[in-house]
Structure formats: C-alpha cells, structure tokens
Amino acid sequence: MVKSMTGYGRAVETVNGREFTVEVRSVNNRYLDCSVKLPRAVSFAEDALKQAVKTTITRGKVDVFVSLRSETAADVTVSLNAPMVEGYLAAIRRLCETTGIENDVTASSLITLPEVFCLDKPQVDEAQLQQDLLQVAHKALAAYDAMRATEGAALEQDLRSRGETILSLVEQVEAGSAQTVQDYRKRLEEKIREVLANTAIDEARILTEAAIFADRIAVDEETVRLRSHLNQMDAMLSSGGAVGRKLDFLLQEMNRETNTIGSKCSDVRLARIVVDIKAELEKIREQTQNIE
C-alpha cells in the first residue's frame, strides 16, 4: 500500500489516573525528521517515543506533541515545615525586641518565606509511565497511518491513471514515427521526380535515403524503455511500502527517454505529443513528492 507523507492523528486516553493527549502530524521531507515535544514529567520517554515513530514512518518531517494531566491531587503532598516556621518566628521576635519594631507577622506574610512548606512527590515508576504513554502514542500513530493510507490510495490511483495516459501517448508516437518515414519517402520521391523530370528514378537510392532517415528518427529503443519504466512504476505501486525515492529515480529515467524522443522528432504532431508526455511526467513528479 502506498502512503502519503502528510497526515494527522490524535489520541486521548486516561491510563492509571493520568490523561495523555498525543498528536502526530507530518509534511513532506526527503528523509525522516522527527521532533517530539513532551512535558517535563515524561521527558525521559523521548527516545522511546521516537523509536515508536520510526516503526511506522520512514520519510517525512514529523512533529509529535504530548500533553499530560493528572486526574488526582495525590501526586504531590504539601506539608508544613514546622522547624523552619519556628525558626522564622523566633528570629522575628528577636528582631522586634532588639529594634522595638511592632511584631505584625501574619500567616500571609509567613507563607511567602522560603521553605515554609514541603512538597512531597511520590516515587514515579518511569517504566510504567512510559508504557502508558506509548500505549496512547500507538493509537495516535494508528489514526495518523490510516489517514496517510487513505491519501496514499488517492495518489496511487492518480499515478496509475497518468501512467495509462502516457502509455497511450507513447503508442501515438510509435505509430506517428512510422508514418513520418512513409511521408518522408513520398516527399523524397516526389522531389526527385520533379528534379529529374523524365529520367528514370533509382528506387534503391530512395530506399537507402529513407532507411537513413528512418534510422535517424527511430525511437523504438526509447519507447521500449519508456514502456518498461511504466511497467516498473506499476509494479512499485502494487508492492507498496516506501517507494517514493524509487519513483523519483524512475521518473528521471522516464524524462531522459522522453527528451531523447523529442530530440528525434522532426514532425510537429509528434513534438506536441512529446510535450504532452512531459506534462504528464511533471504531474507525476509533483504527486510523487507526497509519497513516502
């Protein structure tokens, strides 16, 4: 199955009291370029998340966004640091006794002082937390991959259609090339008759000239290779997988054969057909940029 390099997937799920939201999106890129943005609480899982991405994606600029929300307040316990508070109060009393300043200490002023409260965070099982995150990430990747497959199917259909169009144009070139030789021979014979008037015409010479001309404009080898390339493209699309780079190379070969055909075409009609082939190849090239 051919897949697009552009896609989007999202999954939201609560696992072990934590709500994970994972979003995956990508655009075209020559190679795989993965960027992961994680909350600090799960920053340790970055490498594991990138590995999960690599198992699904081989090419494209991929951005992964993760957000985490705890459904309970049990993750952090706040307690009073009594010794610290008593030390602050004792110091303040001494300050007031020494300077005569009124002791107007309140709870509001005390809580602004450093280390009045202690924050106790329970030990986090990083392995379990990472497993929970990856569970949601795989669902987001599955949704993302399904979207890429849908777009890829549309791209495949378009490429096959354009391949059939090119094949039809190649058939016209082959038929037109043979007709061009016949027309040349006819014009050559008429020209000789006009020049030589009543003199007998050397049929062998005409055949020789026609043969030389036919050899010069012959496109059989190029059209055979172009047909072969079209068959290869069809096979690649049928095999599926990451075929984008292979198609890029194959298109270069098809363009090379088409340019050679164009350089040999002395007939205006054939030249127009070659232009049409080039136009179709350019459209295929544009679509191929979207294929993984």
Within segment 254-262, is there a residue that is of a type in the set (S, T, Y), part of a helix (DSSP H, G or I), in the same structural domain as S168 (by TED's automatic domain parsing) and closer than 14 Å to E164 by Cα? no
Of the numbered conditions (1) more than 22 Å from K54 (Cβ to Cβ); (2) outside any strand (DSSP E or B); (3) in contact with a Leu (Cβ under 9 Å, 6 or more places away or on another chain), E97 fails exactly one; give the number of that condition. (3)
Considering each of T14, T77, T72 in turn, give the residue that is at pLDDT 90 or above and polar (S, T, N, Q). T14
On the basis of being assigned by TED's automatic domain parsing to the domain that holds Q128 and either touching a strand residue (DSSP E or B) at 6+ places or on another chain (Cβ under 6 Å) or under 30 Å from S239 (Cβ atoms) (or both), does F65 make the cut? yes
Need pairs with beta-carbon distance below 7 Å; first residue under 30 Å from K50 (Cα atoms) and within segment 106-131, second among the aliphatic types (A, V, I, L, M) and assigned to a loop (DSSP other than H, G, I, E, B); sequence gap 6+ or separate chains. K121/V76
Neighbours by Cβ (under 6 Å, 6+ apart or cross-chain): first from segment 36-65, in contact (Cβ under 8 Å) with a residue 12 or more places away in the chain and within 18 Å of R10 (Cβ to Cβ); second of a type in the set (S, T, Y) and exposed (fewer than 15 other Cβ atoms within 10 Å of the Cβ): D63/S35
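The values are calculated or read from the model by the stated rules, or taken from the named source; none is laboratory data. Remember, predicted model here, so these are calculated numbers, not experimental data. In this analysis, Cβ positions are derived from the backbone assuming ideal geometry, glycine residues included, and neighbour counts consider all displayed protein chains.
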